[in-house]
Amino acid sequence: MTRTYHGSCHCGAVRFTADIDLAAGTGRCNCSICSKTRRWGVIVRPEAFRLLQGEAALADYQFGTHSMHYRFCRHCGIQPFGSGHLEQLGGDFVSVNVACLDDATPQELADAPVRYFDGRHDNWMNPPAVTRYL
């Protein structure tokens with residue numbers, strides 16, 4: 001069931017809403033940036049995401065193939081979302097950091113299915129052998 005969630009960075013400089021169906025699944029990856037930031041994401045179409053405030057507070061980081069923009073708050077360092085374009089994901093997308101959803105209940109988060117990706121080995125369609133640390 002799709003619901004409109006409100007989200008923000010830690011200091012509140014960046015605020016957004018996104019229409020998300022957490023029951024459709026979330027994702028965790030073992031690539032270098034996701035494992036170091038403990039990122040837990042959910043993919044939405046760009047039209048389902050609305051930045052309400054904080055465009056000027058956002059910085060951008062890219063690495064590797066430069067297929068994704070990791071956006072983070074210049075003040076508190078939190079990565080509330082990122083965006084990019086991958087044909088495997090249907091083109092343009094926004095990856096919302098589930099941990100930044102201010103009004104998702106603990107039960108909704110616990111019930112959200114998690115799919116694991118082996119980004120460390122560019123084996124994106126398969127989970128890594130070990131996932132407990134993600």
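Among the residues here, ASP111 qualifies as in contact (Cβ under 8 Å) with a residue 60 or more places away in the chain and over 16 Å from SER8 (Cβ atoms).
Of all residues in segment 4-17, those being closer than 19 Å to ALA110 by Cα and either at pLDDT below 95 or surrounded by 14 or more Cβ atoms within 10 Å (Cβ to Cβ) (or both) number 3.
The values are calculated or read from the model by the stated rules, or taken from the named source; none is laboratory data. Quantities reported herein were computed from a predicted structural model and do not represent experimental measurements. Here the Cβ is made from the backbone with ideal geometry for all residues, glycine too, and neighbour counts use every protein chain on show.
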